Amino acid sequence: MATWTWFHRLASPPHVYAFARRWTPWFGGFAALAMCAALFGGLVLAPADYQQKDAFRMVYVHAPTAWLSLMIYTTMAVAAAVGLIWRMKVAHAAAAACAPVGAWFTVAALGTGMLWGKPMWGAYWVWDPRLTAELVLLFLYFGYMGLRAGIEDPVKADKASAVLAVVGVINVPIIKFSVEWWNSLHQVATVMQMGKPKMDFDMLWPLLLMFLAFASYFITVLLIRLRAELLRRERNASWIREVLA
Amino acid sequence: MKTLVTRSTALAAARLVAVRDLRLAFHKPSQVIQPLMFFMIVATLFPLTLTPEMSRLRDAAPGVLWIGALLSSLLALEFLFRDDAVDGTLEQFALSGQSLTWMLFAKTCTHWMLTGLPLALSAPIAAAALGVSAGAMGGVVASLALGSFAMSLVGAIGAGLTLGARRGGVLLSLLTLPLAVPILIFGARATQLAISGGDIAPPMYLLGAIAVLGLTLAPLAAAAAVRIGLE
């Protein structure tokens, strides 16, 4: 039983609020430091790509945001499922806090992808399967946020959007596969293979560090948003007065 | 023994729901006819905006047929649960002690028989107007029939989720369209292959796979969604 106490404590808003307040500066501090180090590593230390020259450096923002956009959607769906199954209010609050951050990461991945596409493909937008799948992911986020905003009763909004998040996460791999299949039929030759060439270690470590920095940044923002959500949802609870006193 | 009895009563309840919905549709045929008219009008708008040239219209035909079918089925999905939620029928379903999943599944299948199937059967008229040859019609009808069935199943989840929302119509499209992307891709591909005389089996298998997945999971999700909306 003792091993499950941490899980049960997660259901308690005051506990989670205190936890979020304690850890926000740590994650924020790590994000700032790691981002500076990774930027230095990526923009100064890493050698230019022999084919893409300096334009490849876009990868240091593009790839981490693209990975995170998908991971945040999964996190949101897991939190939503936990909220549905164990009726945990905090989990619903966490899912609600995830959505706008994930949507912004998706926009960042699309934006940097377009900026990268201009020198590489000669156009801001091509119907590349990854870009298209990312765009559909953005629409999934919009649907989730739209449903949440469209239902006035907060309990109903939590549950309905949780069902949508779970349905969406089942659909993500199907969308990914169908878009790739669609593209392989229509695009005769890819302009440039963006596959997995073996990356030099000097190029790779800033990328991994940048991913950790962005992930840490996501956790920081999530914790801040979660606190705001908890304050809004529990505004009539007595523990709020004690915390804010 | 007990499970056998409950399963047969669940099926009997589902059959009653289906018969009721069919009977209601015969009394109010406008719900069946209007989405069809909408589909025909959308298909007519493309020659007016694109080109009257048959060869170019034939290239655009899969897209025109599928986007028309998708929009028309979204329009029809609005009526899937809404009327029954407003007059309290859904609440009675939920309180009846019978399986809500089976009853909503019956409703969804009936809804497809009344909207998706007629649309697929009348698609050859629109397709012929877009320059599609008569030999391709079998493939056009088959792909639209299977695709609209999958679409009804996915859409039932969205229709259930938006029961609690104001201005459900736009929201329903916003939720359902991204989820329908795979159906659209495989369905349009099957139609395209049918028109160009290719083998439509591969995209039809994939479309069938999506329909089977929807068949197993969508009624459960729709029942959960409707329960939330009724709370």
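Scanning the range B:45-84 for residues that are in contact (Cβ under 8 Å) with a residue 60 or more places away in the chain and either farther than 19 Å from residue B:32 by Cα or outside any helix (DSSP H, G or I) (or both) yields B:46, B:47, B:54, B:55, B:57, B:58, B:60, B:61, B:62, B:63, B:64. Among the conditions (1) at pLDDT 80 or above; (2) closer than 30 Å to residue B:176 by Cβ; (3) more than 23 Å from the chain's Cα centre (by Cα); (4) part of a helix (DSSP H, G or I), the only one that residue A:165 does not satisfy is (3). Right, residue A:182: modelled with pLDDT of 85 or more and either under 26 Å from the mean Cα position of the chain (by Cα) or among the acidic types (Asp, Glu) (or both) or not? Against the criterion (modelled with pLDDT of 85 or more and either under 26 Å from the mean Cα position of the chain (by Cα) or among the acidic types (Asp, Glu) (or both)), residue A:182 does not qualify. Looking at the range B:126-135 only, could you name the residues that are part of a helix (DSSP H, G or I) and buried (at least 22 other Cβ atoms within 10 Å of the Cβ)? Within the range B:126-135, B:126, B:127 meet the criteria. Scanning the range A:141-180 for residues that are more than 8 Å from chain B (Cβ to nearest Cβ) and among the basic types (Lys, Arg) yields A:148, A:176. Remark: pairs (first residue in the range B:1-24, closer than 11 Å to residue B:98 by Cα; second residue at pLDDT 90 or above; Cβ separation under 7 Å; 6+ apart in sequence or on different chains) = B:10/B:102; B:11/B:102; B:13/B:102; B:13/B:103; B:14/B:102; B:14/B:103; B:14/B:105; B:14/B:106.
Restricting attention to the range B:204-221, the residues being more than 9 Å from every other protein chain (Cβ to nearest Cβ) and touching a helix residue (DSSP H, G or I) at 6+ places or on another chain (Cβ under 8 Å) number 8.
Given B:129, B:188, which one is of a type in the set (A, V, I, L, M) and in contact with a Pro (Cβ under 7 Å, 6 or more places away or on another chain)? Within the list B:129, B:188, the selection yields B:188.
When residue A:64 is tested against the conditions (1) under 27 Å from residue B:158 (Cβ atoms); (2) part of a helix (DSSP H, G or I); (3) touching a helix residue (DSSP H, G or I) at 6+ places or on another chain (Cβ under 7 Å), the lone failure is (1).
So that you can scan it fast, the table gives a plain yes or no per residue for (1) touching a Gly at 6+ places or on another chain (Cβ under 8 Å); (2) more than 20 Å from residue B:185 (Cα to Cα); (3) modelled with pLDDT of 90 or more; (4) charged (D, E, K, R):
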{"position": "B:72", "(1), (2), (3), (4)": "no, no, yes, no"}
{"position": "B:113", "(1), (2), (3), (4)": "no, yes, yes, no"}
{"position": "B:117", "(1), (2), (3), (4)": "no, no, yes, no"}
{"position": "B:122", "(1), (2), (3), (4)": "no, yes, yes, no"}
{"position": "B:125", "(1), (2), (3), (4)": "no, yes, yes, no"}
{"position": "B:131", "(1), (2), (3), (4)": "no, yes, no, no"}
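Got at least one residue in the range B:141-160 being surrounded by fewer than 24 Cβ atoms within 10 Å (Cβ to Cβ) and within 14 Å of chain A (Cβ to nearest Cβ)? No, the range B:141-160 has no match at all. Across the range A:107-133, the number of residues qualifying as away from chain B (no Cβ under 12 Å) and in a helix (DSSP H, G or I) comes to 17. If the condition is being outside any helix (DSSP H, G or I) and either surrounded by 14 or more Cβ atoms within 10 Å (Cβ to Cβ) or in contact (Cβ under 8 Å) with a residue 60 or more places away in the chain (or both), then the range A:7-61 contributes A:10, A:11, A:12, A:46, A:47, A:49, A:52.
The values are calculated or read from the model by the stated rules, or taken from the named source; none is laboratory data. Here the structure is a predicted model, which is why all the values come from computation and not from measurement. With ideal geometry, Cβ positions are generated from the backbone for all residues, glycine too; neighbour counts draw on all protein chains shown.
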